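**Student:** Have a look at this one.
What follows is calculated from the coordinates using simple rules that are stated; it is not laboratory data. The model shown is predicted, which means the values in this text are computed figures rather than measured ones. Heads up, the Cβs are rebuilt from the backbone with ideal geometry, glycines too, and the neighbour counts pull from every protein chain shown.
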Amino acid sequence: SSVATGQYFAAFQIAALLSALANAFNAAWNPWLYTRLALREYVALRQVVIATYVVALLLLAAAAVLALFSPMIVRIVAGPGYEPAADILRFLAPAAAFSGIYYLFSGYAFYTRKTVQLSVITASVATLQVVLTLVLVARSGASGVAIATLISAFIFAGCAAILSCRLIPMPWLLRRPNAEAV
């Protein structure tokens, strides 16, 4: 219905603020990442790992704040009549955070020029999202679309993280890697 579409769009626009911040951060992140990866030194790689953990936690914390205060945020931003958008925002906010986390890891594929694997991940997750959307919208309406978006964003970020770990050995456990890995 047009009411459900309006509520979804309101929640989407609010969550898009987090996505916009993640996109802006990514513009600065990749040059910084590439510089440190090129050094191939433990200290530089450890800086990348720590920064990745910090930024991922900040994105998830921002999503949690948006989700927790979604009724108040929707009321302020969208106005009366859009209260049901708060339920949708609870799914779209973490989806936006996971999209930002994807950016933290996709840079490895670009740095190593292994973008074919990233394209396969993108196409696969997009296909999954279409299927999930079709199934979940029938069951839960606009919230189903948001749930499909959240699941897909989580998988997208997870696959990008796994790919990056395979492309470049990093001290993810904050321990010095094997000498041949650096």
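**Student:** So what are the ³J(HN,Hα) numbers for the range 90-107, from phi and the Karplus equation (6.51, -1.76, 1.60; θ = phi - 60°), rounded to whole Hz, Gly and Pro as x?
**Tutor:** Taking θ as phi minus 60°, the curve returns 4, 9, 6, 5, x, 4, 5, 5, 5, 5, x, 5, 3, 4, 4, 9, 5, x Hz for the range 90-107.
**Student:** Mean residue ellipticity at 222 nm from the helices of the chain, using -39,500 (n - 2.57) per DSSP H segment of n ≥ 4 over the full residue count, to the nearest 500 deg cm²/dmol?
**Tutor:** Working: 6 runs with 153 residues, N = 182.
It lands at -30000 deg cm²/dmol.
**Student:** Once phi is turned into ³J(HN,Hα) by the Karplus curve 6.51 cos²θ - 1.76 cosθ + 1.60 with θ = phi - 60°, what whole-Hz value does each residue of the range 163-175 show in order, with x for glycine and proline?
**Tutor:** 4, 4, 5, 6, 7, 9, x, 10, x, 4, 8, 6, 10
**Student:** Sticking with this structure for a sec: With each pseudo-label sitting 7 Å past Cα toward Cβ, what's the residue 61-residue 9 distance in nm, one decimal?
**Tutor:** With each label placed 7 Å out from Cα toward Cβ, I get 3.5 nm.
**Student:** What whole-number volume per residue, in cubic angstrom, does the convex hull of the C-alpha atoms of the range 47-108 give?
**Tutor:** Numbers: hull volume 4.3 nm³, N = 62.
Cα-based convex hull of the range 47-108, divided per residue, equals 69 Å³.
**Student:** According to the square roots a ≥ b ≥ c of the eigenvalues of the Cα gyration tensor, what is the shape class of the range 89-157, taking rounded for a/c under 1.5, prolate for a/b larger than b/c otherwise, and oblate for the remainder?
**Tutor:** oblate
**Student:** Next up: Arrange the peptides 49-59, 138-148 so that the one whose residues have, on average, the most other Cβ atoms within 10 Å appears first.
**Tutor:** Working: 49-59: 15.7, 138-148: 18.8.
The densest-packed peptide leads the list: 138-148, 49-59.
**Student:** Each residue of the range 139-147 in order: what ³J(HN,Hα) in whole Hz does its phi give by Karplus 6.51 cos²θ - 1.76 cosθ + 1.60, θ = phi - 60°, with x for Gly and Pro?
**Tutor:** Karplus values, whole Hz, x for Gly and Pro: 8, 10, x, 4, 5, x, 5, 5, 5.
**Student:** Taking a virtual spin label 7 Å from the Cα of residue 111 along the C-beta vector, which residues in the range 24-47 bring their backbone nitrogen under 13 Å of it?
**Tutor:** Residues 29-47 fall inside that zone.
**Student:** Here's something else I'd like to know. Could you work out the Kirkwood radius for the range 17-139, taking every pair of different alpha carbons, averaging 1/r and inverting it, reported in Å? Walk me through the numbers before you get to the answer.
**Tutor:** Working: mean 1/r = 0.0607 Å⁻¹.
By the Kirkwood definition, the hydrodynamic radius is 16.5 Å.
**Student:** What spacing in nm lies between the two simple spin-label points modelled at residue 68 and residue 41, each 7 Å away from Cα in the Cβ direction?
**Tutor:** Placing both labels 7 Å along Cα→Cβ, they lie 3.9 nm apart.
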